[in-house]
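Comments concern the structure below.
The values are calculated or read from the model by the stated rules, or taken from the named source; none is laboratory data. Keep in mind that what you see is a predicted model, and the values were worked out from it rather than measured. Positions of Cβ are backbone-derived with ideal geometry, glycine not excepted, and every protein chain shown enters the neighbour counts. Note: accessible area is taken over every heavy atom of the protein model, side chains too, but ligands, DNA and RNA are not part of it. Shrake-Rupley method; radii C 1.70, N 1.55, O 1.52, S 1.80 Å.
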Amino acid sequence: MHELYIAQSILKSVQKSLPEDVRAEDVTQVRVECGQLDAVVPDSLIFLFDAIKAESNMPQAELLVEQIAVACVCKDCSREFEMELPVFICPDCQSGNVELLRGRGIRLTGITVNEPEDENHGHTGHP
Ligand SMILES: [Zn+2]
């Protein structure tokens, strides 16, 4: 059940990365990228995130998960490629001497905060 651990880590990283003048309660959206090698099921992750956020300080936060393809670079011919299958072979020169570039790990890619309209903290030039 590693999705639960991931959901907890996401909540923690959001809390850590919030600027001091932003309240966690105002977070409306959290976006993450997860690599296909992690075998995360986005639906389970979102379900668990929703379950634990209710008891956290950001109950409004909605989690969006984007799965990213596994990308490698061939060390023999420098070709970069994405993999459909977990076969680490360069499509150009068939070398197996490849290095993983992307496709592992969960990355926080964005946080949306609902700023109260009626309070003006000195922000000028609203879009
Ligand atoms: Zn190659």
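Points to keep in mind about this one:
- For segment 1-99, the solvent-accessible area of protein heavy atoms averages 60 Å² per residue (probe radius 1.4 Å; ligands and nucleic acids excluded).
- Count Lys and Arg as plus one, Asp and Glu as minus one, and take only other residues whose Cβ is under 15 Å from that of residue 47; the net charge is then -4.
- Where a label projected 7 Å from the Cα of residue 92 along Cα→Cβ would reach, residues of segment 56-84 with amide N under 14 Å: 72-82
- Cβ-Cβ FRET estimate between residue 114 and residue 71, R0 fixed at 41 Å, reported to 0.05: 0.75
- Tilt relative to the chain, helix 2-17 - C-alpha long axis, 0 to 90 degrees, to 10: 60
- Inverse of mean 1/r across different Cα pairs in the chain, Kirkwood, Å: 16.8
- Put a plus charge on the Cβ of each Lys and Arg, a minus charge on the Cβ of each Asp and Glu, and nothing anywhere else: the dipole of the chain about its Cα centre is then about 560 debye.
- Where both bridge residues fall in the chain, DSSP classifies roughly 70% of the beta bridges as antiparallel.
- Sorting 48-54, 92-98 by average packing, meaning the other beta carbons within 10 Å per residue, from highest down gives 48-54, 92-98.
- Extreme residue, positive dipole direction of the chain, given options 101, 57, 89 (C-beta unit charges): 89
- Over the chain, Cα pairs under 8 Å with separation of 6+ residues give a relative contact order of 32 percent.
- Residues whose placed amide H lies under 5 Å from that of residue 67, excluding near-sequence neighbours: 34
- Solvent-accessible area, 1.4 Å probe, carbon plus sulfur percent, for the chain: 48
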